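The values are calculated or read from the model by the stated rules, or taken from the named source; none is laboratory data. As the structure is a computational prediction, the values presented were derived from the model and not from experiment. Methodologically, a virtual Cβ is constructed for each residue, glycine included, from the backbone with ideal geometry; neighbour enumeration extends over all protein chains shown. Quick note on the areas: whole protein, heavy atoms, side chains included, nothing else; ligands and nucleic acids left out. Shrake-Rupley method; radii C 1.70, N 1.55, O 1.52, S 1.80 Å.
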Amino acid sequence: MQTGAEPADLADVRATNLAVVLRYVRAHAPCSRADIAASTGLNKATVSSLVADLIDRRLLRETGLTENRIGRPATMLVLDGEPYAAIGIEVGADQLTVVAVDLGGTELLTWRRAFAGSGGIGTRAVSSIATLAGRAINRLAGQGRTILGLTVGVPGLIDAAGTVRIAPSLGWRDLTLGADLRRALREPAFDVVVDNDANLAALAEHRHGPYAGTANLVHLTASAGIGAGVVADGRLLRGGRGFAGEIGHLCLDPTGPVCPCGRRGCLEALAGIPALIRRALPDTTPDGPVADYAPEVERVRSRARQGDRLALDTLTEAGRHLGHGIAVLGNLVNPEVVLLGGYFVTLAPWLLPAAETELAARTVAPDAGGTRLAASALGPGAAAVGGAARALAMVDAGRLPTAPPL
């Protein structure tokens with residue numbers, strides 16, 4: 001009978017140390033083996049062994065020499081990762097966006113395709129998503145790249161199995177998207193993951209955006225619905241079952257308009273893109289629900305630039321509602337920055353002033369708790385970027401690929 005702590009598995013220790021070295025080079029390249037040893041506390045022999053392993057896996061490569069003040073010139077290391085690719089897909093009500101990046105975060109492809117996601121026919125949606133994913137996989141495989149992972153962002157509640165439990169803006173309920181995609185892609189060797197789009201957008205902001213590394217930030221998505229990806233103390237806030245962040249269904253006015261979720265006065269019904277378009281562009285109403293938001297959002301922006309009173313009043317009102325919702329977040333989790341993403345980016349110059357005023361008025365902490373509001377620099381498609389970033393984050397955490405074929 002054994003007592004006390006069990007010794008750590010040596011393979012686990014090595015995987016952890018490989019990840020430590022890889023993360024250090026990502027953050028500090030170009031750097032030398034001596035730099036890594038001095039900064040990580042690993043001895044020089046261990047670092048040399050780990051670096052050799054990472055070079056064999058084509059995750060690092062040597063590049064040139066640099067003169068040291070004392071001793072021989074040091075060989076410098078940078079990320080390689082050229083043989084690898086990670087794919088992210090963002091599902092919107094009107095379009096699909098796919099982004100692929102290599103291990104260093106260099107963009108390999110960005111595609112956007114029209115998509116009638118709000119028809120409520122989940123099986124047809126799975127086919128469209130799988131077709132686009134398959135084309136991206138084939139393109140990257142044709143370049144000799146190994147796929148590290150595919151992550152799909154959906155505006156809704158996603159459980160751990162990748163089932164879309166409910167996506168009101170798409171009309172989906174209990175859609176087994178993760179399992180269906182894996183089957184459609186013939187059970188690929190890489191992970192196929194489904195996650196909430198706002199969570200992935202927040203991951204993209206935390207890893208790649210101008211506020212990368214900010215410990216407490218929120219990304220608000222805006223397409224057919226509104227979602228919040230919340231990073232708190234450097235970690236994505238998911239909640240007990242992964243359903244956190246549904247700020248779009250925060251009730252701000254119990255007597256307000258009906259929301260797609262069936263309730264009244266939700267933030268989404270008051271300040272979401274469909275509601276905003278209906279108010280600012282009443283001429284669209286006789287044609288039925290808008291299926292393609294981009295041109296209509298551009299029309300709203302054009303009218304606002306021209307000083308159209310209805311467009312300006314609509315945007316100001318929407319900004320106030322956004323500020324109200326953000327103030328609730330501010331009082332609960334006190335983010336350092338809240339970023340307006342998706343189609344809100346296009347309209348941010350008119351949304352932000354009213355939102356900032358409302359945030360300041362409704363936040364208990366002085367100076368709105370230090371929370372800043374800004375438009376996302378990642379723009380539409382941030383969730384696709386975050387989907388690709390998720391696979392890269394898994395590599396940084398220690399799930400390293402084996403050496404690719406020569």
Cβ pairs under 6 Å, 6+ apart or interchain, first in segment 300-311 and of a type in the set (Asp, Glu) and crowded, with 16+ Cβ neighbours inside 10 Å, second part of a helix (DSSP H, G or I) and modelled with pLDDT of 95 or more, ordered by first then second residue, are none
On the given criteria, is Thr75 under 30 Å from Gly156 (Cβ atoms), polar (S, T, N, Q) and either in a strand (DSSP E or B) or touching a His at 6+ places or on another chain (Cβ under 7 Å) (or both)? no
Scan of segment 352-379 for residues that are in contact with a helix residue (DSSP H, G or I) (Cβ under 7 Å, 6 or more places away or on another chain) and within 30 Å of Ile129 (Cβ to Cβ), ordered by number: Ala375, Ser376, Leu378, Gly379
Looking at (1) in a helix (DSSP H, G or I); (2) surrounded by fewer than 23 Cβ atoms within 10 Å (Cβ to Cβ), find the lone condition where Leu347 falls short. (2)
Ala382 vs (1) under 30 Å from His324 (Cβ atoms); (2) touching a strand residue (DSSP E or B) at 6+ places or on another chain (Cβ under 6 Å); (3) open to solvent by less than 50 Å² (accessible area, probe 1.4 Å): all pass except (2)
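Only one of these is open to solvent by less than 60 Å² (accessible area, probe 1.4 Å), part of a helix (DSSP H, G or I) and in contact (Cβ under 8 Å) with a residue 24 or more places away in the chain: Thr284, Thr316. Name it.
Values: Thr284 fails: in contact (Cβ under 8 Å) with a residue 24 or more places away in the chain.
That would be Thr316, the only listed residue that is open to solvent by less than 60 Å² (accessible area, probe 1.4 Å), part of a helix (DSSP H, G or I) and in contact (Cβ under 8 Å) with a residue 24 or more places away in the chain.
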Within segment 215-232, which residues are assigned to a loop (DSSP other than H, G, I, E, B) and crowded, with 17+ Cβ neighbours inside 10 Å? Asn216, Ser223, Ala224, Gly225
Collect the residues in segment 281-339 that are under 26 Å from the mean Cα position of the chain (by Cα) and small (Gly, Ala, Ser), keeping them in residue-number order. Ala291, Ala294, Ala318, Gly319, Gly323, Gly325, Ala327, Gly330
State the number of residues belonging to segment 156-198 that are surrounded by fewer than 24 Cβ atoms within 10 Å (Cβ to Cβ), more than 19 Å from Ala136 (Cα to Cα), touching a residue at least 24 places away in the same chain (Cβ under 8 Å) and among the acidic types (Asp, Glu). 1
Per-region count, segment 358-369, residues over 18 Å from Thr316 (Cα atoms) and either more than 27 Å from the chain's Cα centre (by Cα) or at pLDDT below 95 (or both): 6
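I'd like to know if segment 359-370 contains one or more residues that are open to solvent by 20 Å² or more (accessible area, probe 1.4 Å), in a loop (DSSP other than H, G, I, E, B), over 30 Å from Leu54 (Cα atoms) and touching a Pro at 6+ places or on another chain (Cβ under 7 Å).
no
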Segment 91-110, residues that are open to solvent by less than 40 Å² (accessible area, probe 1.4 Å) and modelled with pLDDT of 90 or more: Val91, Leu96, Thr97, Val98, Val99, Ala100, Val101, Asp102, Leu109
